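J.: First the structure, which I've put down as structure tokens, then a few questions once you've had a look.
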Amino acid sequence: MADSPKFPPFVDAEQFAKLFDGSVVNAAAPLTAYKHALDAWGEVLKPLAAAGRDKVNPKDRRFAGEQWEHPVFDLMRQSYQMMSDYMIGAARKMEHLSATDRAKLEFAVRTLVETMSPANSPLTNPVALEKAIETKGQSLVAGVSHLLRDMQRGQLTHTDPDAFELGRNIACTPGRVVHQTPLYQLIQYTPSTDAVFETPLVIFPPWINRFYILDLTAEKSFIKWCVDAGITVFAVSWKSADGSMRDVVWDDYIAAQIDAIDTICTALKVPDVHTIGYCVAGTTLAATLAILAAKGEAAKVRSATFFTAQVDFSRGGELLNFIDEQQLKMIEALASPQGYLDGRFLALTFNLLRGNDLIWSTVNKHYLLGEEYPAFDLLHWNGDVTNLPAKWHKDYLCDLYRDNKLVQPGALSALGTPIDLRKVKTPSYVQAGREDHIAPAASVWNLRNHFTGPLKFLLAGSGHIAGVVNPPEQGKYQYWTNDDPKVDSLAAFIEGATETKGSWWPDWLQWLSTQNPKKVPAKGARIPGKGALKAIEDAPGAYVKSR
């Protein structure tokens with residue numbers, strides 16, 4: 001990662017493993033003696049542990065191993081679960097606090113409680129202790145080696161770092177980069193059908209992540225699925241921020257979206273495009289549509305699809321816990337002198353939202369048990385962080401999350417034009433995730449209250465990522481639809497909704513095709529590099545590889 005702060009390489013991980021190897025082997029005997037002592041105490045404590053076993057939460061995967069049935073460890077998990085329930089419950093019932101402050105307190109207490117779990121220590125985790133004894137300490141050697149590598153890179157590892165290579169087995173849908181600016185590259189994908197829909201599609205992914213969340217392995221790639229469905233697909237690949245982007249603000253991202261739309265319309269000689277905005281890029285797309293409407297240019301966009309995108313942040317979820325003056329000052333302090341925020345800090349923030357799944361499960365598996373990392377495309381993408389322009393990131397948190405200005409007509413302006421979402425009449429498809437903790441479904445729903453054009457809302461099973469990346473072939477999850485025009489709340493939508501098993505992608509494709517069903521031959525400018533836009537390089541391009 002260019003210009004990223006480096007964590008001090010105070011020791012080489014492999015060298016440490018060699019030095020540590022003998023020490024841990026010698027420690028196997030004390031560990032065995034420790035286990036024998038616990039066994040002795042277990043006989044004494046067995047009746048007490050058995051009496052309270054009905055209080056154990058069977059859904060808590062941290063304590064699912066049969067080793068936790070040992071009376072000593074059983075009492076540990078019982079005591080921990082009782083303590084955690086009490087602490088979190090006390091935070092929820094705290095009087096004389098505003099709802100916002102109570103939510104922040106609950107989040108802080110839950111984070112502390114997760115940290116205190118006995119599953120997080122090799123001496124109080126019977127599974128880790130058993131494996132350390134069985135392997136004569138080699139599991140601890142491997143685990144500490146993993147820990148040191150992560151400390152040196154300044155980031156948790158969730159997947160095998162050598163399992164995936166961009167353009168080979170991930171982000172490998174054929175295409176070419178056909179347009180480039182200092183802020184983004186525009187990728188056009190090679191058609192796989194003889195005819196394609198006349199109206200092309202441009203995808204705006206969030207700039208806080210890499211675009212290939214929508215182009216993972218071939219089996220999970222939304223982009224490939226769209227191409228195979230006969231859509232001319234373009235995707236924006238944002239540049240990870242460096243010193244040249246210290247003055248980048250929201251206007252620049254809005255201008256980039258408009259530039260991409262104009263570039264595609266001119267190159268393909270079409271009057272309009274379909275658009276998709278994912279997460280923060282969907283928020284930006286809403287502003288872009290409002291500006292185009294204010295300028296009398298709304299017809300450039302035939303339809304707009306929003307993946308887990310918010311415009312009204314009054315119900316913005318747990319991320320609101322990070323938006324106060326103290327947190328904003330900390331973000332300023334973390335920004336590099338070159339004017340960007342290292343993406344690893346943002347990754348840590350998102351990991352904290354699901355600490356047990358994204359932090360402590362990794363600690364357990366790879367530090368305490370010394371397990372090797374799996375090959376998992378989604379986790380590979382999750383760890384491929386991007387830097388953010390510090391100035392714009394702070395403005396985004398203040399103007400949208402804290403002050404909720406986007407839904408106040410005229411409170412924000414971009415490119416010299418006041419933003420009024422009520423002007424947006426573009427046909428829209430709004431997808432939300434029922435378990436989304438980043439963009440809660442109730443928050444995404446509120447977009448319906450601000451646009452004035454035809455709008456379809458769909459609620460997908462799962463969350464912010466899996467709820468979007470759900471190819472039909474996997475047969476996972478479900479989605480809910482409700483076409484009753486009188487529905488005025490998410491609760492009412494769910495109550496009267498029709499549930500459909502599997503992926504919502506085909507539902508979206510059917511909706512999209514009704515916007516303009518006409519098809520044209522997949523030749524000429526529909527093939528990357530064969531029209532006015534000349535090929536610069538093969539997909540996925542250079543920007544996605546920059547660190």
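The values are calculated or read from the model by the stated rules, or taken from the named source; none is laboratory data. Since this is a predicted model, take the numbers as computed values, not measurements. With ideal geometry, Cβ positions are generated from the backbone for all residues, glycine too; neighbour counts draw on all protein chains shown. Accessible surface is based on the protein model in full, side chains and every heavy atom, while ligands, DNA and RNA are left aside. Shrake-Rupley method; radii C 1.70, N 1.55, O 1.52, S 1.80 Å.
J.: Could you grab the pairs with beta carbons closer than 6 Å, sequence gap of 6+ or different chains, first residue in segment 503-522 and under 14 Å from Phe307 (Cα atoms) and of a type in the set (Phe, Trp, Tyr), second one open to solvent by 30 Å² or more (accessible area, probe 1.4 Å) and in a loop (DSSP other than H, G, I, E, B)?
T.: Listed by first residue and then by second, the contacts come to nothing, as the list is empty.
J.: Anything in segment 302-324 that is open to solvent by less than 10 Å² (accessible area, probe 1.4 Å), in a loop (DSSP other than H, G, I, E, B) and either of a type in the set (A, V, I, L, M) or modelled with pLDDT under 95 (or both)? List them, or say none.
T.: Ala309, Val311, Gly316
J.: Would you mention how many residues in segment 379-407 are open to solvent by less than 40 Å² (accessible area, probe 1.4 Å) and not in a helix (DSSP H, G or I)?
T.: 7
J.: Turning to a different aspect of this structure: Of all residues in segment 492-524 being in a helix (DSSP H, G or I) and aliphatic (A, V, I, L, M), which is most open to solvent (accessible area, probe 1.4 Å)?
T.: Ile494
J.: Restricting to segment 6-64, and then to whatever is part of a loop (DSSP other than H, G, I, E, B) and farther than 26 Å from Ser361 by Cβ, can you tell me which residue is modelled with the highest pLDDT?
T.: Asp12
J.: Still on this model: With respect to Ile208, is the statement that it is of a type in the set (Val, Ile, Thr) and either in a strand (DSSP E or B) or under 30 Å from Phe376 (Cα atoms) (or both) true?
T.: Here the answer is yes, as Ile208 does meet what is asked.
J.: Let me ask another. Go through segment 184-233 and count every residue that is touching a residue at least 40 places away in the same chain (Cβ under 8 Å), open to solvent by 10 Å² or more (accessible area, probe 1.4 Å) and touching an Asp or Glu at 6+ places or on another chain (Cβ under 6 Å).
T.: 1
J.: Checking Ala171 against (1) out of contact with any strand residue (DSSP E or B) (no Cβ under 8 Å at 6 or more places or on another chain); (2) within 20 Å of Val468 (Cα to Cα); (3) surrounded by fewer than 23 Cβ atoms within 10 Å (Cβ to Cβ), only one condition comes out false. Which one?
T.: That leaves (3) as the condition not met.
J.: Counting only residues that are surrounded by 18 or more Cβ atoms within 10 Å (Cβ to Cβ) and either closer than 15 Å to Met76 by Cβ or free of Cβ contacts under 8 Å to residues at least 24 places away in the same chain (or both), how many does segment 123-148 have?
T.: 5
J.: What are the residue pairs meeting all of these: first residue in segment 474-495, first residue within 13 Å of Gln431 (Cα to Cα), second residue open to solvent by 70 Å² or more (accessible area, probe 1.4 Å) and part of a loop (DSSP other than H, G, I, E, B), Cβ atoms under 7 Å, and 6 or more apart or on different chains?
T.: none
J.: Let me confirm something: among Glu95, Glu114, which residue is without any contact (Cβ under 8 Å) to a residue 12 or more places away in the chain and either polar (S, T, N, Q) or open to solvent by 20 Å² or more (accessible area, probe 1.4 Å) (or both)?
T.: Every option except Glu95 fails the conditions.
J.: Identify all residues within segment 448-504 that are over 24 Å from Leu214 (Cα atoms) and among the aromatic types (Phe, Trp, Tyr); write none if there are none.
T.: The answer is Phe451, Phe493.
J.: Follow-up question, since we're still on this one. Wholly within segment 426-491, which strands (runs of 3 or more DSSP E) include no fewer than the required count, namely at least 2 residues that are of a type outside the set (A, V, I, L, M, F, W, C) and open to solvent by 20 Å² or more (accessible area, probe 1.4 Å)?
T.: 478-481
J.: When Val236 is evaluated against the numbered criteria (1) part of a strand (DSSP E or B); (2) touching a residue at least 60 places away in the same chain (Cβ under 8 Å); (3) within 24 Å of His380 (Cα to Cα), which criterion, by number, is the only one it fails?
T.: Val236 satisfies all of (1) part of a strand (DSSP E or B); (2) touching a residue at least 60 places away in the same chain (Cβ under 8 Å); (3) within 24 Å of His380 (Cα to Cα) except (2).
J.: To continue, here is another question. Is it fair to say Ser443 is under 23 Å from the mean Cα position of the chain (by Cα), at pLDDT 95 or above and farther than 30 Å from Arg354 by Cα?
T.: no
J.: Also: Mind counting the residues in segment 350-374 that are part of a helix (DSSP H, G or I) and touching a helix residue (DSSP H, G or I) at 6+ places or on another chain (Cβ under 7 Å)?
T.: Looking only at that region, the number is 13.
J.: Scan segment 248-301 for residues that are crowded, with 21+ Cβ neighbours inside 10 Å and not in a helix (DSSP H, G or I) and jot them down.
T.: Matches in segment 248-301: Val248, Val273, His274, Thr275, Ile276, Gly277, Tyr278, Cys279, Val301.
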